[in-house]
Amino acid sequence: MLKPILHLKISGMYKSLIFIASVFLVLALHAKPLYALSTDSEQPIEISADKVQIDNIKGQSIYSGNVELSQGSLHITGSKLIVKTSASGELTRADAYGLPATLTQQPENKELIDAEAEHIVITYDNDQEVILNTKAMLTQGANKFFGDKIRYIVATDQVIADSQKNKRVKVVISPQPSKQDQNNNTKTTEEDQ
């Protein structure tokens, strides 16, 4: 259950609220999450945390303590979330930290994606990427990637995984059901009705 959106008790509240509203607007208009459902970007973004620190000059907000971010099917959790914007106010990067930080998202016409790592980086420049650093795991259905670093490049739909010295990457690819198996399952379902 998400906590209420942060209650700020700071002087200069007006300037901070404008900054927060602009960050949410930038996220909603410019963020293109990996594999997202087409309706995700139309959904409101909710971030809850125990604490927030906003630096208008640096274009950075830091959320800490039981951080949860939700937008449509996208959910990110961690102990810390850093959101950075450019001078023009466009989202450039989001970093989630935790033991582990997690990311889940429902892709369009695919199985749910579950990811975790101690540090998750999402970049929103021309080469949008999702990078899982340290004890990284990416799961979609029965298929899994494990490594020290897993990098997903959105534009080219590439996954690159590697590990530190003396460690190996592990990939588990489950076989797809054959057409005969799918037909048998369909017939059984029809007969059961």
If you keep only loop residues by DSSP, which trypsin sites (Lys or Arg not before Pro) in segment 88-157 have at most 13 other Cβ atoms within 10 Å of their Cβ?
K110
Computed FRET value (nearest 0.05) for D127 with K167, which takes r as the C-beta separation and R₀ as 22 Å
0.25
Accessible carbon and sulfur surface of segment 72-135 relative to its total accessible area, %, 1.4 Å:
48 percent
Just the accessible area per residue of segment 31-155, please: how many Å² with a 1.4 Å probe?
47 Å²
Going by accessible area, probe 1.4 Å, with all protein chains left in place, what is the ranking of S178, S73, largest first?
S178, S73
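The values are calculated or read from the model by the stated rules, or taken from the named source; none is laboratory data. This one's a predicted model, so the numbers in the text were calculated from it and none came from an experiment. Note: ideal-geometry Cβ built from the backbone for every residue, glycine included; neighbour counts use all protein chains shown. These area figures cover heavy atoms from the full protein model, side chains too; ligands, DNA and RNA do not enter into them. Shrake-Rupley method; radii C 1.70, N 1.55, O 1.52, S 1.80 Å.
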